[in-house]
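Structure, as structure tokens:
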Amino acid sequence: MVKGEVKKIDLAAGKITLKHGPIKSLDMDDETMTMVFRVQDPAMLKQVKAGDKVQFEAIRSTNGIAISKLQKAK
């Protein structure tokens, strides 16, 4: 799981903008960055709002990198 912060949610497009650290599972070892991700299940976007701290898993899909799991950080 990668820690991040929700910056923006686009329900219509099924996308989320996250500020996050390295995503080692995707060989993304860069420092903190902000990226727009697609989500596998748009219902995940209704559980969070801009400013929330989250934990997520990302996978490579045919449409690029997608969020496969998303939850509020404890």
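The values are calculated or read from the model by the stated rules, or taken from the named source; none is laboratory data. Computed from a predicted structure; not experimentally measured. Neighbour counts run over all protein chains shown; Cβ positions are idealised from the backbone, glycine included. Each accessible area value is taken on the protein alone, full model and side chains, heavy atoms only, with ligands, DNA and RNA left out. Shrake-Rupley method; radii C 1.70, N 1.55, O 1.52, S 1.80 Å.
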| field | Test result for ASP10, out of contact with any strand residue (DSSP E or B) (no Cβ under 6 Å at 6 or more places or on another chain), surrounded by fewer than 17 Cβ atoms within 10 Å (Cβ to Cβ) and at pLDDT below 95 | value | no
| message | Please go through segment 19-70 and give me each residue that is free of Cβ contacts under 8 Å to residues at least 40 places away in the same chain, assigned to a strand (DSSP E or B) and not β-branched (Val, Ile, Thr), ordered by number. | response | LYS19, HIS20, MET28, MET33, MET35, PHE37, ARG38, ARG60, SER61, GLY64, ALA66, SER68
| query | Is one or more of the residues making up segment 4-13 of a type in the set (A, V, I, L, M, F, W, C), outside any loop (DSSP other than H, G, I, E, B) and within 16 Å of ARG60 (Cβ to Cβ)? | reply | no
| task | Given the conditions (1) modelled with pLDDT under 95; (2) of a type outside the set (S, T, N, Q); (3) in contact with a strand residue (DSSP E or B) (Cβ under 9 Å, 6 or more places away or on another chain), report the number of the one that GLY4 does not fulfil. | result | (1)
| said: With the requirement that a residue be open to solvent by less than 80 Å² (accessible area, probe 1.4 Å) and touching a strand residue (DSSP E or B) at 6+ places or on another chain (Cβ under 8 Å), what does segment 14-33 give you? | reply: GLY14, LYS15, ILE16, THR17, LEU18, HIS20, GLY21, PRO22, ILE23, LEU26, MET33
